[in-house]
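> Supplied in C-alpha cells, the structure appears directly below.
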Amino acid sequence: MILMKDIIREGTPTLRATAKKVTFPASQEEQNLGLEMMEFLENSQDEKIAEKYHLRAGVGLAAPQVNVSKRMAAVLVPDNQGNIVFKEILYNPRILRESVKRAALNEGEGCLSVDRDVAGLVVRTDRITLEFFDADGTRHEVKLRDYPAIVVQHEIDHLNGTLFYDHIDSKSPFKIPENTVIIE
Ligand SMILES: OCN(O)CCCc1ccccc1
Ligand code: NI
C-alpha cells in the first residue's frame with residue numbers, strides 16, 4: 001500500500017518534470033499503480049485507516065507524486081455530505097474545453113507533496129470538458145464543474161510539473177479576479 005513516505009515532496013525533481021504519456025493497453029505495473037493510488041485515496045479518507053497509517057487526507061493523487069513520471073492520476077472527490085461525486089483512475093487526462101468563468105476554493109488549496117500551508121486563492125476554470133483514457137485505452141469525455149473540476153485541474157498540473165501555489169498572485173493572494181466564483 002502507498003504510505004506518506006512514498007509521496008515525494010518539494011525539491012524532488014520528478015515533481016517539476018513533465019510526465020510521459022501512457023501507451024495502451026497500460027502495462028500490469030501501470031494498472032497496479034493506478035489501483036494503488038486509488039486505494040491510497042480511499043484509505044486517506046477513512047478516519048480509522050488514515051489514523052492507523054498516519055495518512056493525510058487526499059482527494060487526488062498523481063503518479064509523479066509517487067515518483068513515477070507518467071500521465072496518470074487517481075481522483076476520489078466527495079461532496080459536502082461525504083458522498084463520492086467523481087471517482088476515476090485517469091490515464092493521459094487532457095482538458096478539451098474550458099469555461100470563461102473561473103473558480104477558486106474559498107480555503108485555498110493544499111498538496112500532499114507540499115508540507116506547508118501556502119495561503120491564497122488558486123484561480124482555476126469553473127467548468128471543463130475532460131478527456132481521459134482507462135487502462136484498456138478506452139477514451140472517455142466528461143464535463144466537470146466546481147470542486148471535481150478544481151481537483152482534476154490540480155492533478156493535471158502535477159503531470160506538467162506545476163504546483164498549486166504557482167497560480168497564487170503573490171502580490172495580492174486573496175484578490176478575487178473578475179468572473180470568478182468562490183467555492184465554499
Ligand atoms: O495532488 C493531490 N494532492 O496533493 C492532494 C490534494 C488535492 C487537492 C487539494 C485541494 C484542491 C484540489 C486538489
Ligand atoms: Ni497535489
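The values are calculated or read from the model by the stated rules, or taken from the named source; none is laboratory data. This one's a predicted model, so the numbers in the text were calculated from it and none came from an experiment. Note that we place each Cβ from the backbone using ideal geometry, even for glycine, and neighbour counts take in every protein chain shown.
> What number goes with the only condition from (1) closer than 19 Å to M4 by Cα; (2) more than 15 Å from ligand 2 (Cβ to nearest atom); (3) surrounded by fewer than 16 Cβ atoms within 10 Å (Cβ to Cβ) that N43 does not pass?
Unmet condition: (3).
> Check whether at least one residue in region 68-77 is within 12 Å of ligand 1 (Cβ to nearest atom), touching a strand residue (DSSP E or B) at 6+ places or on another chain (Cβ under 9 Å), on the phi < 0 side of the Ramachandran plot and without any contact (Cβ under 8 Å) to a residue 40 or more places away in the chain, and report yes or no.
The answer is yes, given that some residue of region 68-77 is within 12 Å of ligand 1 (Cβ to nearest atom), touching a strand residue (DSSP E or B) at 6+ places or on another chain (Cβ under 9 Å), on the phi < 0 side of the Ramachandran plot and without any contact (Cβ under 8 Å) to a residue 40 or more places away in the chain.
> Please go through region 110-160 and pick out each residue that is in contact with a helix residue (DSSP H, G or I) (Cβ under 8 Å, 6 or more places away or on another chain), within 24 Å of S27 (Cα to Cα) and away from ligand 2 (no atom under 16 Å from the Cβ).
Taking region 110-160 as the starting set, the residues that turn out to be in contact with a helix residue (DSSP H, G or I) (Cβ under 8 Å, 6 or more places away or on another chain) are 110-114, 118, 120, 122-128, 130, 135, 144, 154, 157-159.
Applying the additional criterion that residues be within 24 Å of S27 (Cα to Cα) yields 130, 135, 157-159.
Within region 110-160, L130, A135 meet the criteria.
> Let me ask something else. State whether the residues of region 24-32 include one that is under 18 Å from Q153 (Cα atoms) and in contact with a Phe, Trp or Tyr (Cβ under 7 Å, 6 or more places away or on another chain).
No, the conditions are met nowhere in region 24-32.
So that you can scan it fast, the table gives a plain yes or no per residue for (1) modelled with pLDDT of 95 or more; (2) crowded, with 22+ Cβ neighbours inside 10 Å; (3) within 13 Å of the chain's Cα centre (by Cα):
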{"residue": "L76", "(1), (2), (3)": "yes, yes, yes"}
{"residue": "I84", "(1), (2), (3)": "yes, no, no"}
{"residue": "R102", "(1), (2), (3)": "yes, no, no"}
{"residue": "G110", "(1), (2), (3)": "yes, no, yes"}
{"residue": "R127", "(1), (2), (3)": "yes, no, no"}
{"residue": "Y147", "(1), (2), (3)": "yes, no, yes"}
{"residue": "V152", "(1), (2), (3)": "yes, yes, yes"}
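> Please work out which one of (1) away from ligand 2 (no atom under 16 Å from the Cβ); (2) at positive phi is the condition L33 fails and give its number.
(2)
> Filter the strands (runs of 3 or more DSSP E) completely within region 90-184 down to those with at least 2 residues that are without any contact (Cβ under 8 Å) to a residue 40 or more places away in the chain. Spell out the reasoning first.
On the way: elements: 102-105, 127-133, 139-145, 180-183.
By residue number, 127-133, 139-145.
> Can you confirm whether T18 is in a loop (DSSP other than H, G, I, E, B) and within 22 Å of G161 (Cα to Cα)? Don't jump to the end; show me each part of the working.
Numbers: in a loop (DSSP other than H, G, I, E, B): yes; within 22 Å of G161 (Cα to Cα): yes.
When the stated conditions are applied, T18 passes them.
> While we're looking at this one, here's another question. So G108 passes all but one of these: (1) within 15 Å of ligand 1 (Cβ to nearest atom); (2) on the phi < 0 side of the Ramachandran plot. Which condition number does it fail?
(2)
> If I ask for residues that are farther than 30 Å from P25 by Cβ and either within 15 Å of ligand 2 (Cβ to nearest atom) or exposed (fewer than 15 other Cβ atoms within 10 Å of the Cβ) (or both), which ones from region 86-100 would you list?
V100
> Among the residues of region 28-49, are any away from ligand 1 (no atom under 15 Å from the Cβ), of a type in the set (D, E) and in a loop (DSSP other than H, G, I, E, B)?
Yes, region 28-49 contains a residue that is away from ligand 1 (no atom under 15 Å from the Cβ), of a type in the set (D, E) and in a loop (DSSP other than H, G, I, E, B).
> Looking at region 158-184, which of the residues that are among the polar types (S, T, N, Q) and under 19 Å from the mean Cα position of the chain (by Cα) is surrounded by the most Cβ atoms within 10 Å (Cβ to Cβ)?
Restricting to residues being among the polar types (S, T, N, Q) and under 19 Å from the mean Cα position of the chain (by Cα), the top hit is T162.
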